[in-house]
1. Enumerate the pairs (first residue in region 178-198 and more than 17 Å from residue 157 (Cβ to Cβ) and open to solvent by less than 10 Å² (accessible area, probe 1.4 Å); second residue anywhere and away from the ligand (no atom under 11 Å from the Cβ) and part of a strand (DSSP E or B)) with beta-carbon separation below 7 Å, excluding pairs fewer than 6 apart on the same chain, so at least 6 apart or on different chains.
2. Name the residue, out of 140, 74, that is in contact with a Lys or Arg (Cβ under 6 Å, 6 or more places away or on another chain), away from the ligand (no atom under 16 Å from the Cβ) and not small (Gly, Ala, Ser).
3. Looking at region 330-363 only, could you name the residues that are surrounded by fewer than 17 Cβ atoms within 10 Å (Cβ to Cβ), closer than 23 Å to residue 7 by Cβ and within 26 Å of the chain's Cα centre (by Cα)?
4. Give the number of residues within region 384-418 that are open to solvent by less than 10 Å² (accessible area, probe 1.4 Å) and assigned to a helix (DSSP H, G or I).
5. Tally the residues that are among the polar types (S, T, N, Q), open to solvent by 10 Å² or more (accessible area, probe 1.4 Å) and within 14 Å of the ligand (Cβ to nearest atom), restricting the search to region 305-329.
6. Does region 361-377 include one or more residues that are touching a residue at least 60 places away in the same chain (Cβ under 8 Å), touching a helix residue (DSSP H, G or I) at 6+ places or on another chain (Cβ under 7 Å), away from the ligand (no atom under 16 Å from the Cβ) and more than 25 Å from residue 231 (Cβ to Cβ)?
7. Within region 13-33, take every residue that is polar (S, T, N, Q) and open to solvent by 10 Å² or more (accessible area, probe 1.4 Å) and give me the one that is nearest to the ligand (Cβ to nearest atom).
8. Is there a residue being of a type outside the set (D, E, K, R) and at pLDDT below 95 anywhere in region 30-48?
Amino acid sequence: MPAIVVEGGRPLRGTVGVLGAKNAVLKEMAATLLAPGRHIISNVPAILDVELMGRVLGHMGAHTKLDGHELSVVIPDSLDPEAPIELVRAMRASIIVLGPLLARCGEARVALPGGDDLGARPIDFHLGGLEQMGAHFELVHGVLVGKCEGKLRGTEVELPFPSVGATENMLLAGTLADGETVIINAAREPEIEDLASMLCSMGAHIEGAGSAIIRITGVENLEPVRHGVIPDRLEAGTYAIAGAITGGDITVTSCVPSHLRMELLKLEETGCEVERGEGWMRIQGPERPKAVDFATLPFPGFHTDMHPQMVALLSVADGTSVITENLYDARFRYVGELLRMGADITTEWQHAVIRGVERLSGAPVLAHDIRAGAALVLAGLRADGVTVVGDAHHIDRGYEGFASKLAALGGAVEHRAE
Ligand code: UD1
């Protein structure tokens with residue numbers, strides 16, 4: 001398994017650019033299933049998850065090729081509407097193919113994803129919404145077999161919680177449904193707006209993406225598209241915290257600071273100087289951060305995928321921070337690894353109390369998931385001595401060239417393919 005090796009103690013300085021948003025591009029790859037022909041998606045990061053989604057589409061008969069940061073996806077006239085367990089296990093986000101497959105083929109056979117490192121992760125909202133649109137599901141030996149007679153029907157779907165994935169599945173399914181689909185209590189994440197803008201370029205009729213009510217009027221056919229992915233706010237936010245935790249001075253370019261409003265406000269509360277401009281932001285870290293409290297919430301709240309990186313920062317703060325994780329019950333698993341580095345954190349149910357320590361000490365630790373892995377590398381940048389973050393393939397799922405970008409900013413960081 002690969003590892004990222006970090007020698008701490010150097011302030012990071014300089015400029016770093018971010019690529020397209022992983023959480024947008026994966027759904028946009030699934031969206032190509034809706035229209036036969038060649039699609040081109042640009043600003044695509046060369047990360048493991050893009051490769052995995054390519055395999056999911058490949059299993060259905062599509063051809064994908066990443067050339068630099070331009071991804072071409074060729075969708076055939078007829079698809080094999082199946083995502084087997086080995087692919088769904090490798091990437092849970094594969095569940096997003098349900099909506100497009102039902103809309104395009106009237107059928108989908110998708111292995112039921114189990115839980116993952118973040119917890120149980122049910123998909124009841126996805127299934128409930130698609131059932132309201134006329135699909136039927138049966139669980140056959142671990143495989144969800146979904147069918148609909150004729151076309152999906154547009155209807156009003158009220159989500160019990162603004163789930164990103166369920167909103168996207170409804171959105172994708174609604175584009176080719178009969179009549180109007182209205183999603184109430186929709187998630188408002190920027191990635192959903194980006195997906196909707198790609199679908200509109202394909203010929204879909206969508207209003208309200210980015211707000212809590214989305215209206216989709218089904219059309220007969222969609223066309224292949226050329227689309228550029230929005231910048232990855234999680235990659236941008238992670239580099240911002242690299243500047244913050246090392247007391248450095250980092251300018252992040254090709255990003256959208258307004259997608260990180262709450263996260264940047266919280267960074268300012270820790271004592272960071274933050275400047276924002278069109279497509280860039282500059283973060284100057286304090287010598288020692290101040291403690292702050294925060295709770296994760298759907299957009300525009302504090303992103304759960306920025307939580308571990310922020311906790312890494314608060315672990316060296318002056319004072320005690322209390323944080324509440326509202327999205328994933330098992331998200332705190334990485335805390336045990338931070339404790340190995342000398343952090344003082346206790347967790348109880350969905351809360352963590354972080355008593356800031358003056359120093360962290362480098363240690364061998366393990367990345368349990370993408371963001372936890374990134375957080376441990378950030379902690380390593382601040383720690384005395386050497387931190388070896390094992391199972392770094394998790395980090396490679398979400399960040400292209402994480403180690404080399406940090407090294408270019410002056411960090412002693414190296415990716416080892418062990
Ligand atoms: C997406 C992101 C993930 C991010 C999350 C929240 C991708 C590939 N992943 O995940 O990185 O952390 O949004 O911003 O885009 N829930 C249910 N039933 C459902 C669906 C969700 O109970 O059918 C719950 C989940 O357990 C969780 C909450 O709703 O507590 C939010 O989940 P959701 O927004 O759906 O996250 P994902 O789309 O899976």
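1. So the pair list comes out as 198/227.
2. Values: 140 fails: in contact with a Lys or Arg (Cβ under 6 Å, 6 or more places away or on another chain).
Exactly one residue qualifies, and that residue is 74.
3. 336, 339, listed by residue number.
4. Residues in region 384-418 being open to solvent by less than 10 Å² (accessible area, probe 1.4 Å) and assigned to a helix (DSSP H, G or I): 4 in total.
5. Looking only at region 305-329, we keep the residues that are among the polar types (S, T, N, Q), and these are 309, 315, 320-321, 324, 326.
Filter again for open to solvent by 10 Å² or more (accessible area, probe 1.4 Å), leaving 320, 324, 326.
Retained after the next criterion (residues that are within 14 Å of the ligand (Cβ to nearest atom)): 324, 326.
Qualifying residue count for the region: 2.
6. yes
7. The initial filter retains those residues of region 13-33 that are polar (S, T, N, Q), namely 15, 23, 32.
Going one step further and asking which of them are open to solvent by 10 Å² or more (accessible area, probe 1.4 Å), we end up with 15, 23.
Details: 15: 26, 23: 3 Å.
This residue is 23.
8. Quick first cut of region 30-48, residues of a type outside the set (D, E, K, R) only: 30-37, 39-48.
From the residues that got through so far, the ones that are at pLDDT below 95 too are 48.
Looking for residues that are of a type outside the set (D, E, K, R) and at pLDDT below 95, one finds at least one in region 30-48, hence yes.
The values are calculated or read from the model by the stated rules, or taken from the named source; none is laboratory data. Owing to the predicted nature of the structure, the values given are computational and were not obtained by experimental measurement. Because the Cβ atoms are built from the backbone with ideal geometry, glycine has one as well, and the counts that use them run over all protein chains shown. Please note that ligands, DNA and RNA were not included when accessible areas were found on the heavy atoms of the full protein model with its side chains. Shrake-Rupley method; radii C 1.70, N 1.55, O 1.52, S 1.80 Å.
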